[in-house]
Amino acid sequence: TCGICVEKCPFDAIEIINLPQELEDDPVHRYGENAFSLYGLPAPQEGQVTGILGPNGIGKTTAVRILAGELEPNLGRYDESPGWEEVLDAYRGTELQDYIADVRDGNVTVSRKPQYVDQIPQQFDGNTRELLERTDERGALDSLVERLSIGPVMDQSIDDLSGGELQRVAIAATLARDTDFYFLDEVTPYLDIGQRVTAARLTRELAEEEGKSVLVVEHDLAILDLLCDTLHVAYGEPGAYGVITTPKSVRNGINEYLSGYLENENMRIRPSQIEFEEHAPRNATHRDTLVEYLDMTKSYGDGEFELAVEGGEIMEGEVLGIVGPNGIGKSTFAQLLTGDLEPTTGETDLDLDISYKPQYVTIDQHMRVDVFLSSITDQFGSSHWNTEIAQPLQLERIMEQNLSDLSGGERQRVAIAACLSDSADLYLLDEPSAHLDVEQRVQATSAIRRHAEMHDATVLVIDHDTYVIDLLADRLMVFDGEPAIEGRAGTPQPMREGMNDFLENLEITFRRDERTSRPRINKPDSQLDREQKREGEYYYSV
Ligand code: ADP
Ligand code: ADP
């Protein structure tokens with residue numbers, strides 16, 4: 001170990017260049033002897049959106065509680081609290097000085113969106129309208145309701161809202177209030193790409209047009225990029241210590257994070273870098289067909305929702321990405337393939353062995369993780385399985401836990417591991433990025449990609465995180481239509497054509513970062529946005 005981490009060094013085999021400078025100073029806060037310590041604080045600025053990029057468990061909530069005045073930082077002296085005066089002294093001359101003075105004087109009011117919106121129904125009885133009307137302090141509620149498409153559920157009980165509806169209601173409630181400081185702990189869970197972009201634009205407008213200070217934590221990098229003016233990277237050892245860097249430009253912050261090396265801090269945070277391709281994957285013409293399916297439809301009830309699937313082929317060894325708005329029939333299509341649903345017209349006699357990870361992971365038997373996984377594969381515990389599956393999905397620490405005790409993110413990682421460990425003709429993953437923090441997404445994405453390459457496995461991935469789709473998919477299947485009314489599933493197409501179709505529906509264009517080739521969302525109506533729309537190149541520029 002390197003002397004800091006209480007557990008195993010997270011960087012295995014990686015030479016630690018030096019200890020982070022911050023750790024030689026006192027922390028901002030330490031919960032107790034040998035307890036978690038936080039180094040550094042984010043610096044919210046009026047009129048700006050400040051982002052924090054990093055894994056869960058390294059003190060982001062602690063930092064926000066300090067900035068909200070709920071937790072008095074102890075500068076590491078957990079047995080004798082130094083008080084706000086001394087804290088203020090410690091921050092004199094920094095960009096946080098004025099802010100901390102306001103917190104000390106009790107002058108900072110805060111509006112906050114919690115990370116887990118699923119818990120809102122336990123705290124609130126009533127319908128959407130009642131919840132939202134209480135928050136209407138800026139006179140912005142009507143416009144928020146309209147732009148977030150909350151209208152149809154205004155009179156619905158909060159108990160009956162779906163995850164995506166709850167998320168949009170929670171965002172509207174947070175942004176409708178009139179406070180000094182706004183904190184949004186993830187805006188994207190359960191939202192499709194169009195809804196993610198809308199949430200990001202509304203948040204930006206609050207800072208730009210109302211001059212408010214906004215702080216966000218976000219694990220979807222394309223959205224984080226769109227949201228923020230400046231960025232703090234957070235790193236450390238979950239549960240042991242966390243460091244929040246001084247602010248970086250958003251572009252540098254994300255690029256350094258992806259490269260695995262923080263330049264100013266001279267700190268390696270990951271052994272390998274994440275690489276994006278600038279060009280669409282070439283159409284792999286040599287591949288054999290794994291399966292061909294014909295046109296089919298599926299309707300629910302009295303035609304309340306109807307999905308029309310255009311026939312197509314899935315090629316052996318390809319990763320096929322599946323994109324489209326919420327409620328358009330993507331999960332329905334997945335279940336038609338697995339045979340869990342019968343089509344209304346047409347047939348799906350596919351005779352395929354499919355390993356399926358559903359969108360909502362409900363493995364909650366009373367069984368330990370290791371017992372569960374070893375019942376799926378006899379490879380369990382082999383060095384190959386450990387390197388390919390257990391390590392990237394960070395399973396070591398939860399092997400002895402019961403499935404029923406796992407958090408959403410832990411359950412997701414076990415479910416991805418179970419899906420990939422099974423031997424099958426086709427691996428079908430419905431939203432593998434849900435509930436994962438940014439580092440877990442990066443690791444899970446490379447585990448899925450490696451699995452496809454090493455076993456020449458055929459993989460279908462449904463996801464709303466653009467980077468996950470970009471890093472994984474060879475071809476794309478695009479769904480469109482009218483959510484909850486009718487959906488159309490297009491035939492699989494090459495990435496460039498697929499992305500163009502998909503983004504044209506959304507009127508969003510992307511450019512590529514010069515240094516890392518990662519996709520970045522263009523400002524609407526910017527020169528590039530207009531040019532690319534004119535040329536019909538919504539995603540790949542060449
Ligand atoms: P994040 O928001 O980045 O997920 P948190 O700030 O919630 O992280 O927590 C960071 C670490 O501090 C966690 O390991 C958590 O268990 C620990 N922690 C949080 N609150 C307390 C507390 N009151 N006492 C002791 N440890 C705590
Ligand atoms: P997606 O995966 O694209 O979000 P789904 O396939 O889950 O979409 O759902 C498409 C539509 O069908 C939604 O309006 C959903 O409410 C509806 N739906 C899904 N399953 C059922 C069912 N078993 N009975 C009735 N309606 C359903």
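The values are calculated or read from the model by the stated rules, or taken from the named source; none is laboratory data. Just so you know, these numbers come straight off a predicted model, no measurement behind them. When we count neighbours, we look across all protein chains shown, and the Cβ atoms used for this are built from the backbone with ideal geometry, even at glycine. We work out accessible area using only protein heavy atoms, side chains counted, and drop any ligands, DNA or RNA first. Shrake-Rupley method; radii C 1.70, N 1.55, O 1.52, S 1.80 Å.
A few points about this structure:
- Only protein heavy atoms count here; on that basis, with a 1.4 Å probe, S404 has an accessible area of about 50 Å².
- Sorting S383, S272, S355 on solvent-accessible area from highest to lowest, probe radius 1.4 Å, gives S383, S272, S355.
- Charge dipole of the stretch 46-205 (Cα centre as origin; +1 on each Lys and Arg Cβ, -1 on each Asp and Glu Cβ, all else neutral): 520 debye, rounded to the nearest 20.
- With Cα atoms, 0 to 90° folded angle of helix 408-421 axis to the chain main axis: 40 degrees
- Folded to 0 to 90 degrees: helix 495-506 orientation relative to the chain principal axis, Cα: 70 degrees
- Amide hydrogen neighbours beyond the local backbone of E316, cut-off 5 Å, H modeled: D288, T289, L290
- The Cα center of the stretch 28-42 and the Cα center of the stretch 75-115 differ in position by 14 Å.
- The stretch 253-388, relative contact order in percent, only Cα pairs under 8 angstrom and at least six apart counted: 16 percent
- Separation of the stretch 426-469 from the stretch 198-276 is 22 Å, based on Cα centroids.
- Look at the alpha carbon pairs under 8 Å that are at least 6 residues apart: their mean separation over the length of the chain gives a relative contact order of 16 percent.
- Applying both filters, DSSP loop and at most 11 other Cβ atoms within 10 Å, to the GluC sites (Glu not before Pro) of the stretch 458-525 gives E514.
- Zone of D102's modelled label, taken as backbone nitrogen in the stretch 211-247 under 13 Å from a point 7 Å along Cα→Cβ: 211-215
- Working ranking of peptides 215-223, 110-118 by packing, defined as the average number of other Cβ atoms within 10 Å per residue, highest first, is 215-223, 110-118.
- Over the stretch 24-176, the Kirkwood radius and the radius of gyration, each from Cα atoms, give a ratio Rg/Rh of 1.05.
- Of all beta bridges that DSSP places with both ends in the chain, some 45 percent have antiparallel geometry.
- Cross-link table K248/K533; K113/K212; K113/K298, entries beyond 26 Å C-alpha to C-alpha: K248/K533; K113/K298
- Accessible-area rank, largest first, for D295, D501, D437: D295, D501, D437, with all protein chains present and a 1.4 angstrom probe.
- The order of F276, F380 by accessible area, most exposed first and with a 1.4 Å probe, is F380, F276.
- A simple spin-label model places the labels of Q273 and R397 2.8 nm from each other, with each point 7 Å out along Cα-to-Cβ.
- Added length on full extension, which subtracts the Cα-Cα distance from 0.36 nm per residue, Q527 to D378: 48.1 nm
- Calculated SAXS-style log₁₀ I(q)/I(0) at q = 0.06, 0.11, 0.12 Å⁻¹ - the chain, Debye, Cα scatterers: -0.30, -1.07, -1.28
- Surface accessible to a 1.4 Å probe, T297 within the full protein complex, Å²: 30 Å²
- Of N500, G59, G381, farthest towards positive along the dipole that unit charges on Lys, Arg, Asp, Glu beta carbons give the chain: G59
- Rounded to 10°, Cα long-axis angle of helix 438-455 versus longest principal axis of the chain: 30 degrees
- For the stretch 189-310: rounded, prolate or oblate by the Cα gyration tensor [a/c cutoff 1.5]: oblate
- Net +/- balance of residues flanking E310 in space, Cβ distance below 9 Å, scoring K and R +1, D and E -1: 0
- Once both labels are positioned 7 Å from their Cα atoms along Cα-to-Cβ, the gap between D79 and E497 label points is 7.2 nm.
- Sorting 85-97, 183-195, 154-166 by their mean Cβ neighbour count within 10 Å, with the most densely packed peptide first, gives 183-195, 154-166, 85-97.
- Nearest-10 value in Å² for the accessible area of H435, using the 1.4 Å probe: 90 Å²
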